[in-house]
1. Which one of Asp62, Asp47, Asp27 is out of contact with any Asp or Glu (no Cβ under 8 Å at 6 or more places or on another chain) and at pLDDT below 70?
2. Could you look through the range 15-28, keep only residues that are in contact (Cβ under 8 Å) with a residue 40 or more places away in the chain, within 13 Å of the ligand (Cβ to nearest atom) and of a type outside the set (Asp, Glu), and pick out the one that is surrounded by the most Cβ atoms within 10 Å (Cβ to Cβ)?
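The values are calculated or read from the model by the stated rules, or taken from the named source; none is laboratory data. Note that the structure is predicted; figures quoted are calculated from it, not measured. Cβ atoms come from the backbone with ideal geometry, glycine included; neighbour counts cover every protein chain shown.
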Amino acid sequence: MEVLVSQAIDDIKKYYEFCACPQCRLDISAISLNQMPPRYVVSNKGDSYGRAELLAMQKDLDVLSIVLDSVKAVQKQPRH
Ligand SMILES: [Zn+2]
């Protein structure tokens, strides 16, 4: 799931100006993951998701809008 969030951060970076330093990325990820249903965050076997699974989840869940909200929240109060 963190892969999805990381991809979303990169996607948003293309059209939305914000700081993506390691600290901000961490904060954005943490807030985003908090807002996602636990089943998306914890992989039951601890193994990584396949690409098809990731795409299915992405479709299922509006990852971009969740991450964008997190970006805005972090930019209001950056901790870097
Ligand atoms: Zn930053």
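1. Asp47
2. So, considering only residues that are in contact (Cβ under 8 Å) with a residue 40 or more places away in the chain, within 13 Å of the ligand (Cβ to nearest atom) and of a type outside the set (Asp, Glu), the one surrounded by the most Cβ atoms within 10 Å (Cβ to Cβ) is Ile28.
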